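Some notes on the structure that comes next.
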Amino acid sequence: MFAGIDVGGTTTNAALVDGNKVVKTAIGPTDHHEILGSLLRTMDRLIEGVDVERIERVVLSTTLITNLIAEGKADRVGLVLIPGPGVNPKDYRFRTEPVILEGAVDYRGREIAPLRDDQIRATAQSLADQGYRKVAVVGKFCQRNHEHEMHVREVFSKAAPAIEVEMGHRVSGRLNFPRRAATTMLTLATRDHYRRFAEQAERAMRERGIKAPIYILKADGGTLPLDKSLDRPVETIFSGPAASVMGVMALTPVGQTSVVVDIGGTTTDLALILSGKPLLSSKGAKIEDMLTHVRAFAVRSIGVGGDSVVRVSDGKITVGPDRAGPAFALGGPEPTPTDALMVLGLTNLGDMTLARKGTGIIASKLGCSTEDAARMIVDTVVDRIVDTVNMMFLEWEQEPAYRIWELLQRTKARPQNVVGVGGASPPLVPLVAKRLNAVAIIPEHAPVANAIGAAVARPTMTLSLRIDTERGMYTVEEDGTLGEAKGRNLSLEGAQEMARQLLRERAERFGIQDYADEAEVVDSEVFNMVRGWSTVGKLIDVRMEIPAGIISSWRGEHGS
Amino acid sequence: MAADVHSKQEVSKIDAPGRRTEPPVRPARTSSVRKTGLIFFPAFDWAISPTHPEREERLLYTRDQIFEEGLMDFPEIVEYRPRLAELKDVARVHFCVPDVQSQVTEAHLIAAGSTLVLADALMRGEIRNGFALVRPPGHHSMRVVHGNRGFCNINNEAIMVEYIRRKYGVRRIAIVDTDVHHGDGTQDIFWHDPDVLFISFHQDGRTLYPGSGFTSEMGGPLALGRTLNVPLPPGTTDEGILYVLENLVLPVLEEFDPQLVFNSAGQDNHYTDPLANMRFTAQGYARLNEMLAPDMAVLEGGYAIESALPYVNTGIIQAMAGLDYSNVREPDYVPGRFVLTSEMRRSIESTVNHLLTIWDSRDDLVAKARQEHGRFYSRRKRIFYDTDMITEGQEETLRMCTECPGYLTVSTQAARGYGRLNTAFCVSVPLFACRSCIEDAREEYEEHKSEMKYDYVYLQDKPSDRFRAYCTRTRNEIVL
Ligand SMILES: [Zn+2]
Ligand SMILES: [Zn+2]
Ligand SMILES: [Zn+2]
C-alpha cells in the first residue's frame, strides 16, 4: 500500500492506495502555524484501523517552504557575487544588496580575471560583523569552473568560520547566473527549517510504526527520498500543485491533452498536460518575485475561487482576489461565486435562501433578476479561467526555439479534457470545458486527487552533460559535477553512454536507482569547434531525463 | 480615368490607410512601450559546411553568455518565437532563379521570418525596438539570386522592409549597415529607391570583400544621394566609427526624417575578427547602437565567435533595452588600447565631408541625371557569387519616370565555370509606381513571356502584391 499526504493551503488531504485501488481517504484542516501537526492529524485518521506494516511507501507534499518564504520566516542570507564582465550586477533585482568580488570565468570555464584574497577576507569580515550566519557565493560561469567559488569558501572558513557558505555550482549548473544566485540563497534560507521538519516527520512516522521509506514530492512531480532531499529544499516548493497534476495523470487516460483545474477558496490553479506529459515552466519556477532554477510544472494561479468576494464596480461584476469569509449561503458576510452556483442549481452546499439573498445584493446593484446576476457572476469566473487557459496554450506555442527542428515540430495543441480537482471544481468545470470544446472530467476521488497523485508519483531525474573535448573536461549541469573527459574523438554515442552512466550514479546517490533504466535521451547535439579552418575539438551536449510519471503497479491495471 | 493616369491621386490610391499624412512612425522615439523585442535564433542545426565560418557553432558562446547573464529574464526584454517567412515575402524582394524554393532552406526562411515577427510586434506597438539575433545573414544578397554570395542567400533586412511597407504602409525607411563588409546586396536592392536611404560603413573595398562600397556608388539616377558609402581605413577604432555616426549618419538621418530606422548589425568590425582588420570594441558597438537608436537591428556577419560575439551581443541587447552596458568588455580589453592615427582621422574626415557634399546636392544630382538620360537608363554589371562560384552578367534598365521611382527590368545570365546556368528577364514594379509604369511593366512581362529568349521571365508586381514566374520551356506560370 502507498500513502500520499498533501498539506495544502486550507486542507490536508490523504489517500491510501493499494495496487490500482484507492482504499481510504481522509481530509482535515491545515493549520499554517503547525504544518507537521496538520499532517499527522490527517495521517492518523488515514491509518486508523489500517495495518501499518503493509504500507510500503509514504509520499509527502507540503507548503512548508512556500509558507516560510511567504511569511518572511526563512533565514537571512548574505550574497557574494563574482560576476565578471557583462550585465551590471546592480541591474539584477535581488532581495539583498550583493557584495561584488573581482575575478571572472568565461563561458568555457577559463579564468579571465583572478580573485583578490584581501578583498575576500574583507568581505568575510564585514558580513560576519553584520551578523550574517549564512552566505551564498555565486560566480558567473562558475558551474564550468569551480575554483573561484571553492576558493572563496576556503578563505571564508578561515576569516569567518561561523558563516555557513553555499556555492552556486552545487545548487544548479544551468545557465542563468541571477537565477542561480536566487536559488542558492533560497536553499540556504530554508535548509535548516526543512531539515528540522524532515527529522520530525520521519520520527513521527516511526512512532506510528510505519517503517516504509518516506519520500517528498518535488515541484516537477517526481519523488525523492526524504533524507536525500535535505540539501535541496527549494525543489519541494509548489509540490501541492504538482501533486494535483500527478493525481490527474493517475486518474485520466494515458497520453491525452488535458487542462488541470484546481479551484479552491480564493485561487484557481491551472496546469497543462500535453499528450500525457505535464508542461514544465521553461526556465524554472518563479517564487514570489524571485526567478529560480527550480524545475517545476508550469502552474498558473489566478485570484478567483469559490469564496472570492463578488462586487460591482462601474456597472461591472468583479470577482476576488480577496476573501471575506465563507459563502453567504454558509453564513459569510459577502456574496461569492458559490452563492451564484447555488442559485443556478449547480451546487447545494448551503442555505438556498441565504444564497439568493447574497446574490440579490449584486442583482439590485445591476438592476437585474437574481438569476441573471448569478449567471453573470458564474460567466465572469468561467471567462477568467478560459482566458487564462487560452493564454497558457498560446504561450506554449510561442515559446522560443533555437533549432530548426524545434520550430518545425511544434504544432497547435488544444485540450481534449478539462479535469477538475479540489473541492470547488465540480460545478464549474463542465462550464469551462464547454467553452473550450473539451470533455469535462471530474474523476472519482477528485477532492483528494493531490494525495493520490503524491502516493503514486514516481521519481524524476534529469542529467545534462556537456563535454568540451578541446579542454578535455565535462560538466554536469544539475549539481555542477566537473571532471576530466578523455579522447578528442569522443563520438555522440560515446557521450550518450557516458551520460547514461553518470545518470545511473546520480540515481544511486539519490536512492532511486531502480528507475535509472527509465531515463531517456531528450536531446543531444555536437558542435565542431573550428579554429582557422581545422577542427580542434567538439562540444557535446546530452540531456537525459526520467520524466514525471506514475508508478507501474497503479498503471499496471489502469494503463491503456 | 485614363486622363489622370499620372496624377498624384493614383499614387496615393495604393497607399494603405494612414500613409497619406505620413506621421513619423519611429516607435523607438515616440512609444511609451519600454520593451525590447528579441529573437535569438542561432540555428544550432544548420551550417553552410562543417568548417565554414557560417556553421552551427557561430552563436554557441553568445547563447551561453546571454543566457548566463539572464538577459531574457529582464522585464525590459521580451523574447519572441521565430517563424518561417512565406515564399511570397521572399519574392517581394528577390528574383530567385529558377524559383524561391531552390534558393532557400528552412534556416533562411526562419532567419527572414524572425525579422517579420519583430516587425509585426514593432508595428503593433508591443515593443519599442527589436533585435533579430539570427543566422544565416543576408546583406550580400542582391535583387537577383542565382546562389549564395558572401554567406547570404536572401536579404533578411530587405524582406522586412518590403513586408512593413506592404502591410503597414510605411514609405520612408533608412537602413544603416554597420557590418565591416559593404552591404552590396542591400545597396543593389534599394539602388533605385528614393524612399530608402541606405548608408553603409565598412572597411575600404580595396582591402576587403566584396571590393565595392566606394563613395562614388551613390544610387540610381532617380535616387542619387540616397545611397551613401563610407569606406574606412583598416584599423579604424571606436572613435573613428562614432565620428562617422555623429558627423554624417545622424545629421543625414535627421534631414531624411525616415519613419523607421533599421540597422544591419554586423559584428565583424571587432578587433579580433578573423575576416577583417578593424579595431572596434564591444563598448563601441553598444555606444553605436545607443546613438543610432534603431527601431530594429538585424545581425549580419561577425566571426570572432569566442572573443567578440558573446560580449558584443550582450552590449547591443543592453543598449537596445536601455540597460547599463558599462560593465561589458572583452577579457583582453584595456581602455585606450587602440588609437586612431592622425592619418586615419584625416582620411575619415575627408570621406565624411565628401559624402555630406553629395547628400546636400542630391536633388541637383537627380535633376542633372534626368537631363543626361532619356526615357530609359541602363547599366551593365558583373556579379560574382563567392560561395557558389557563379558569375552573373546583368543589364538593368530603369524607366526614368517623372511621376514615380520608375519600373525596372533586369536581364540576367549566370554561369558556373564554362557551364551556362540560367538566363532570366525580370520586371520589377515599385510599390509606389504610377499607373503608366504599372501598365508598361506588365506589358513587358507579357512580351518577354512569348519570346523564347530567356529561360525564365519574372514579374514582381508590388502594387498588386503578385509575383509571377514563367518558365519558357514548360510554359508554366507560377503566381505567389
Ligand atoms: Zn557595412
Ligand atoms: Zn560582414
Ligand atoms: Zn512611373
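Quick look at the values:
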item	result
Condition check for B:Ile189: within 16 Å of ligand 1 (Cβ to nearest atom) and part of a strand (DSSP E or B)	no
Unmet requirement for A:Ser282, which otherwise passes all of (1) more than 30 Å from A:Thr462 (Cβ to Cβ); (2) hydroxyl-bearing (Ser, Thr, Tyr); (3) surrounded by fewer than 18 Cβ atoms within 10 Å (Cβ to Cβ)	(1)
Residue in the range B:420-429 that is farther than 30 Å from B:Tyr168 by Cα, free of Cβ contacts under 8 Å to residues at least 12 places away in the same chain, in a strand (DSSP E or B) and outside the structural domain of B:Arg166 (by TED's automatic domain parsing) present	yes
Those residues of the range A:392-410 which are farther than 30 Å from A:Leu346 by Cα and either away from chain B (no Cβ under 13 Å) or of a type in the set (Phe, Trp, Tyr) (or both), in sequence order	A:Trp396, A:Tyr402, A:Trp405
Some residue of the range B:109-116 being hydroxyl-bearing (Ser, Thr, Tyr), touching a residue at least 12 places away in the same chain (Cβ under 8 Å), away from every other protein chain (no Cβ under 13 Å) and more than 16 Å from ligand 3 (Cβ to nearest atom)	yes
Test: residue in the range B:317-326 that is out of contact with any strand residue (DSSP E or B) (no Cβ under 8 Å at 6 or more places or on another chain), away from ligand 2 (no atom under 16 Å from the Cβ), aromatic (Phe, Trp, Tyr) and touching a residue at least 60 places away in the same chain (Cβ under 8 Å)	no
Matching residues, the range A:19-48, being surrounded by 15 or more Cβ atoms within 10 Å (Cβ to Cβ) and within 21 Å of A:Ile550 (Cα to Cα)	A:Val22, A:Lys24, A:Thr25
Test set (1) among the hydrophobic types (A, V, I, L, M, F, W, C); (2) part of a helix (DSSP H, G or I); (3) within 14 Å of another protein chain (Cβ to nearest Cβ) - A:Val389 fails condition number	(3)
Strands (runs of 3 or more DSSP E) within the range A:431-532 that include 3 or more residues surrounded by 16 or more Cβ atoms within 10 Å (Cβ to Cβ) and in contact with a Lys or Arg (Cβ under 9 Å, 6 or more places away or on another chain)	A:461-468, A:473-476, A:520-531
Extreme residue, surrounded by the most Cβ atoms within 10 Å (Cβ to Cβ), among residues of the range B:279-311 that are within 16 Å of ligand 2 (Cβ to nearest atom) and of a type in the set (Val, Ile, Thr)	B:Val298
Count of residues meeting criterion [farther than 30 Å from A:Trp533 by Cβ, of a type in the set (Phe, Trp, Tyr) and either outside the structural domain of B:Arg329 (by TED's automatic domain parsing) or out of contact with any strand residue (DSSP E or B) (no Cβ under 7 Å at 6 or more places or on another chain) (or both)] in the range B:50-96	2
Pair list, Cβ < 7 Å and 6+ apart or interchain, from the range A:262-283 residues that are under 25 Å from A:Pro337 (Cβ atoms) to residues that are among the acidic types (Asp, Glu) and part of a loop (DSSP other than H, G, I, E, B)	A:Gly265/A:Asp307; A:Thr266/A:Asp307
Pair list, Cβ < 9 Å and 6+ apart or interchain, from the range B:133-145 residues that are touching a residue at least 60 places away in the same chain (Cβ under 8 Å) and β-branched (Val, Ile, Thr) to residues that are in a loop (DSSP other than H, G, I, E, B) and more than 16 Å from ligand 3 (Cβ to nearest atom)	B:Val134/B:Pro42; B:Val134/B:Ala43; B:Val134/B:Pro82; B:Val144/B:His94; B:Val144/B:Val97
Residue match in the range B:172-179 (condition: in contact with a Cys (Cβ under 8 Å, 6 or more places away or on another chain) and either within 13 Å of ligand 2 (Cβ to nearest atom) or away from chain A (no Cβ under 14 Å) (or both))	no
Verdict on A:Ser258 being in the same structural domain as A:Ala433 (by TED's automatic domain parsing) and surrounded by 24 or more Cβ atoms within 10 Å (Cβ to Cβ)	yes
Flag for B:Gln460 being more than 14 Å from chain A (Cβ to nearest Cβ), more than 13 Å from ligand 3 (Cβ to nearest atom) and under 28 Å from B:Arg172 (Cβ atoms)	yes
Some residue of the range B:164-176 being within 30 Å of B:Gly419 (Cα to Cα), more than 16 Å from ligand 3 (Cβ to nearest atom) and surrounded by fewer than 24 Cβ atoms within 10 Å (Cβ to Cβ)	no
Residue list for the range A:102-154, restricted to those being within 22 Å of A:Leu188 (Cα to Cα) and within 14 Å of another protein chain (Cβ to nearest Cβ)	A:Val138, A:Gly139, A:Lys140, A:Phe141, A:Cys142, A:Gln143, A:Arg144, A:Asn145
Search result, residues across the range A:71-83 that are more than 20 Å from A:Ser229 (Cβ to Cβ) and surrounded by fewer than 18 Cβ atoms within 10 Å (Cβ to Cβ)	A:Glu71, A:Gly72, A:Arg76
Test: residue in the range A:421-433 that is under 20 Å from A:Thr318 (Cα atoms) and among the small types (Gly, Ala, Ser)	yes
Selected residue (criterion: farthest from the other protein chains (Cβ to nearest Cβ)) from residues of the range A:167-178 that are surrounded by 24 or more Cβ atoms within 10 Å (Cβ to Cβ) and assigned to a helix (DSSP H, G or I)	A:Val171
Hey, B:Val134 more than 14 Å from ligand 1 (Cβ to nearest atom), within 14 Å of chain A (Cβ to nearest Cβ) and modelled with pLDDT of 95 or more or not	yes
Extreme residue, farthest from ligand 2 (Cβ to nearest atom), among residues of the range B:264-278 that are surrounded by fewer than 24 Cβ atoms within 10 Å (Cβ to Cβ) and more than 14 Å from chain A (Cβ to nearest Cβ)	B:Tyr271
Selection from the range B:189-205 of residues that are more than 16 Å from ligand 2 (Cβ to nearest atom) and among the charged types (D, E, K, R)	B:Asp193, B:Asp195
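Yes/no matrix, rows are residues, columns are (1) surrounded by fewer than 18 Cβ atoms within 10 Å (Cβ to Cβ); (2) part of a helix (DSSP H, G or I):
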| site | (1), (2) |
| --- | --- |
| B:Glu343 | yes, yes |
| B:Arg346 | yes, yes |
| B:His354 | yes, yes |
| B:Thr357 | yes, yes |
| B:Val366 | no, yes |
| B:Leu398 | no, no |
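The values are calculated or read from the model by the stated rules, or taken from the named source; none is laboratory data. Computed from a predicted structure; not experimentally measured. Don't worry about glycine lacking a Cβ; one is built from the backbone with ideal geometry, like all the others, and counts go over all protein chains shown.
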